[in-house]
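Chemist: My questions all concern the structure below.
The values are calculated or read from the model by the stated rules, or taken from the named source; none is laboratory data. Here the structure is a predicted model, which means the values were calculated and not measured. Cβ atoms come from the backbone with ideal geometry, glycine included; neighbour counts cover every protein chain shown. Protein only, heavy atoms only, side chains kept; ligands, DNA and RNA dropped before computing areas. Shrake-Rupley method; radii C 1.70, N 1.55, O 1.52, S 1.80 Å.
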Protein chains: 2
Amino acid sequence: MLSKKTKYGLKALTYLASVGTKEPVQIAEIAKHENISQKFLESILLTLRRNGFLGSKKGKGGGYYLIKEPNEIPMTAVMRVLEGPIAMVPCVSLNFYEKCDDCPDEGECSVHKLMLQVRDSALDVYRNNTLADLIS
Amino acid sequence: MLSKKTKYGLKALTYLASVGTKEPVQIAEIAKHENISQKFLESILLTLRRNGFLGSKKGKGGGYYLIKEPNEIPMTAVMRVLEGPIAMVPCVSLNFYEKCDDCPDEGECSVHKLMLQVRDSALDVYRNNTLADLIS
DNA sequence: ATAATGTCTATCGTTTTAGTAGGAATTTCA
DNA sequence: TGAAATTCCTACTAAAACGATAGACATTAT
């Protein structure tokens, strides 16, 4: 399941992209427009800013804005920051690899075999979508 | 992330398929071979039996066995029973559809748009793999 | 100065996960 | 017929993750 964090983060990014301008948009406006708890959204936008997707401005007239063009923001990057690994099992993760405790040999593991295919197919989708593609 | 339940269930099914025979295999043997907590595996095999994947026999010489041929067991079915919906969001699920609380219009939702593609790509993988394909 | 904003840390209730415990029921076989 | 081996079933639990919420602080525009 996709976490609410990721879901809300994607919606917020899409909203910012659809607004189009480089003017800061306030958290409250985003939260209201997307029916999201404002406080929760706050923390999500914060991590998006810390990870280089958003810029922010404090004080009156402040808010968040996209730092790059929507078509320069691939979903792979967004998903990894918000949701974590794209792979469903650490042993097939490109960016978060970990060996399984059980499983003496990955080459013989049926789960590994299957999840490798799933990862690649998901990766394919995320690599072929930027934020720009999500705007309807 | 794939749950341990699904992971262990897949491994157990694969083991049963690789053994090949229709003779019952004991939980203890599967657990030992796959490095799985026996008690936990018990409950997993139970749900696999209740969902028509396995047969069982009690008492001495008892155990679990595959009811169908491995190439007649598609991964879609296994995943849905063990892991639940294949979709990452209920609003794009074929078998477990639910409308989102937020989100007035699915057609306009960026998350919906993206997750639909992810679901289809995953579905593609699961539909093209049966238990027989997982045996190395 | 003051009001409007984002920043940060801490906390909290609920749900899910990954088991564990213990016994009942069934079957085999000596 | 009885003992041993096995699955079946229910209930419980500890830990982690999730989805927030609260409140004080920092910065900026006017």
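Chemist: What is the percent carbon and sulfur in the accessible area of chain A, measuring with a 1.4 Å probe over the protein chains and ignoring ligands? It would help to have the intermediate numbers written out before the result.
Modeler: Details: 3330 of 6760 Å².
Carbon plus sulfur share of accessible area: 49 percent.
Chemist: Keeping all protein chains in place and using 1.4 angstrom, which order do B:133, B:101 fall into by accessible surface area, from largest down?
Modeler: Numbers: B:133 70, B:101 155 Å².
Solvent-accessible surface, decreasing: B:101, B:133.
Chemist: A further question follows. Smallest Cβ-to-axis distance in chain A, for the rotation taking A to B: which residue, how many Å?
Modeler: With distances in whole Å, chain A gives A:121, 2.
Chemist: I'd like the accessible area for residue A:80: 1.4 Å probe, protein heavy atoms, all chains in place, Å² to the nearest 10.
Modeler: 60
Chemist: Could I ask something else about it? Past the 20 Å Cα-Cα mark, which pairs from A:5/B:99; A:4/A:99; A:7/A:32; A:113/B:113?
Modeler: Working: A:5/B:99 18 Å; A:4/A:99 28 Å; A:7/A:32 15 Å; A:113/B:113 28 Å.
Result: A:4/A:99; A:113/B:113 exceed 20 Å.
Chemist: Mind jotting down the distance between the C-alpha centroids of region A:52-91 and region B:102-136, whole Å?
Modeler: 23
Chemist: Next up: Estimate for me the total accessible surface buried between chains B and A (protein heavy atoms, probe 1.4 Å, no ligands or nucleic acids), in Å² to the nearest 100.
Modeler: Working: alone 8410 and 8390 Å², together 13540 Å².
Summed over both sides, the interface buries about 3300 Å².
Chemist: Kindly tabulate the residues in region B:88-113 with an accessible-area decrease of at least 30 Å² between the chain alone and the assembly of all protein chains, using a probe of 1.4 Å.
Modeler: Flagged in region B:88-113: B:88, B:102, B:108, B:110, B:111, B:113.
Chemist: Can you give the FRET efficiency for residue B:23 and residue A:105, using 1/(1 + (r/R0)^6), R0 = 30 Å, r = Cβ-Cβ distance, to the nearest 0.05? Spell out each step's value before the answer.
Modeler: Values: r = 26 Å, r/R0 = 0.86.
FRET efficiency, residue B:23 to residue A:105: 0.70.
Chemist: Modelled label-to-label distance, residue A:128 and residue B:128, 7 Å Cα→beta-carbon offset: nm?
Modeler: Going from the residue A:128 label point to the residue B:128 one covers 1.2 nm.
Chemist: Another question about this same structure. Report relative contact order for region A:85-130 in percent, whole number only (criteria: Cα-Cα under 8 Å, sequence separation at least 6). Let's see the in-between values first.
Modeler: Details: 36 pairs, mean separation 17.4, N = 46.
Across region A:85-130, relative contact order equals 38 percent.
Chemist: Counting helices only, and only those DSSP H runs with n ≥ 4, report the 222 nm mean residue ellipticity of the protein assembly as shown as the sum of -39,500 (n - 2.57) divided by its residues, in deg cm²/dmol to the nearest 500. Mind dumping the intermediate values first?
Modeler: On the way: 12 runs with 134 residues, N = 272.
Roughly -15000 deg cm²/dmol at 222 nm, from the helical runs in the protein assembly as shown.
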